[in-house]
Amino acid sequence: MTKILHVLMIIGIVILGIFSVVSLFAFVFLKTWKPFGGKASKSDRKNYSARASNFDGKKFHNIEEFAVLSMSDNPAPDPLTFSKNTPKPDFDFPLRKPDFLAQEDKNARLGLEDFCVTWIGHSSLLIQMHGMNILVDPVFAEMISPVSFAGSKRFTKTPFSVADLPEIDILLQSHDHYDHLDYDFIREADKKIKKYIVPLGVENHLERWGVKSSKITNMAWWEEIQVDGLTIACTPAQHFSGRHITDNMATLWCSWVLKDEFHKIFESGDSGYGSHWQKIHEKYGDFDFAMMECGQYDVRWPRVHSFPEQAVDAAKTLGAKIAMPIHWGAIILSRHGWDDSVERFLTAAEKEGITVITPYIGQTANIATPQLFSDKWWR
């Protein structure tokens, strides 16, 4: 019996030692791994409290009642599912490669009154308006994760490299999730980026990654900034944030309004359906063009992402003349068929009389001629 107890004690010591080593490794990993990003200081949090009514001193909150996951253990399946396809296509998407070199002379080729958008896949976009190149949520990583060996793998390659990008006047960041904020991209592209505009808290990630604080402007909901005559407004969204297990809701998430004397544009970020759409319309009126997230929805997280019909209803509420579905076509984050979101979006938009553009990944679309960018290329 004494020998058995001795063996059990040794085994217990070994297990405790292994647990201690693993715990220490996890602690060091969370503290030092740069892709996790930075953390707000005490003075940062005081600043956020003064500017954001939805910040409680530690975390940000949504306007309406919110939960990431549904309380139901076995929610009913989505009754409107159109697609019988798997979440990942079994073929390579046809891609386009924009000729950015032809757009270097912005003033000669793209005037202040011109508006173009290049879809890079998912929610990554290059907006060209007011004579500026405006990059939104650029993700070029193959693996959507803090590490390169695990996570959600992108099923379409980016249609061009960071080196192919023109000089970026403004980078807009909607929130800090990995499918929207790419550490490796920021590190590689920073020299091409003049200015970053981000929701509160995201600046700490960028600064930890080596971006100069002088290049970054952080914003609360309903704040506006003028950049060479272009108005950029940070507007509400219904979502959440976080890059590791201890920073949930520690940074803000948002949508964006861009307007000048020629165009009024909306970019939804990630958002479930809510009253914030109406509030945005009440303040800014009808929009010429709206880029609406409509993928990665699930009945298990109904408040986190918009179902396609909800995205169209939001576009209608915003008074959008033209809409474009985003947050699909590159990354698997849910169970629905890979083409379900775009097909449902088109069906709902047709019922509402909203013009929709569906450019190829990598194609540059001019909203002055939406009929040229409505191919059903995925079919």
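List of remarks:
- About its Cα centre, the chain has a charge dipole of approximately 1360 debye under the convention of +1 per Lys or Arg Cβ and -1 per Asp or Glu Cβ, with nothing else charged.
- Fraction of accessible area attributable to carbon and sulfur, the chain (%, probe 1.4 Å): 56
- Between Ala150 and Thr86, the modelled label-to-label distance comes to 2.2 nm, taking each label 7 Å out from Cα in the direction of the beta carbon.
- In percent, rounded to a whole number, the relative contact order of the stretch 128-252 is 21, using alpha-carbon pairs under 8 Å and six or more apart.
- One entry in (i) 22.5; (ii) 17.2; (iii) 18.3 is mean projected area of the Cα convex hull in nm² calculated from the shown coordinates; its label is (i).
- Backbone geometry of the stretch 208-224 corresponds, through the Karplus equation with coefficients 6.51, -1.76 and 1.60 at θ = phi - 60°, to 3J(HN,Hα) couplings of 5, 8, x, 6, 5, 4, 5, 8, 10, 10, 9, 9, 9, 4, 6, 7, 10 Hz, x marking Gly and Pro.
- Additional length obtainable on full extension of the chain from Trp377 to Ile63, 0.36 nm per residue less Cα span: 109.3 nm
- Cα-based equivalent ellipsoid of the stretch 129-222: semi-axis lengths in Å, sorted from largest, via gyration tensor: 21, 17, 12
- Between helix 42-51 and the chain: long-axis angle, C-alpha atoms, 0 to 90°, nearest 10: 40
- A crude spin-label estimate for the pair Glu261 and Asn54, with each label 7 Å from Cα along the Cβ direction, gives 3.4 nm.
- Euclidean distance between Cα centres, the stretch 312-348 to the stretch 217-259, Å: 21
- Look at the alpha carbon pairs under 8 Å that are at least 6 residues apart: their mean separation over the length of the chain gives a relative contact order of 19 percent.
- For the chain, the solvent-accessible area with a 1.4 angstrom probe is 46 square angstrom per residue.
- Counting only protein chain heavy atoms and rolling a 1.4 Å probe, the accessible areas of Glu65, Glu352, Glu203 rank, largest first, as Glu65, Glu352, Glu203.
- Spread of Cα-to-Cα distances over 5 Å intervals beginning at zero, given as percent, for the stretch 161-302: 2, 9, 18, 21, 21, 16, 9, 3, 0
- Accessible heavy-atom area order of Lys46, Lys279, Lys84, highest first, probe of 1.4 Å: Lys84, Lys46, Lys279
The values are calculated or read from the model by the stated rules, or taken from the named source; none is laboratory data. None of these values were measured; they are calculated from a predicted model. With ideal geometry, Cβ positions are generated from the backbone for all residues, glycine too; neighbour counts draw on all protein chains shown. With ligands, DNA and RNA removed, areas are computed over all heavy atoms of the protein, side chains included. Shrake-Rupley method; radii C 1.70, N 1.55, O 1.52, S 1.80 Å.
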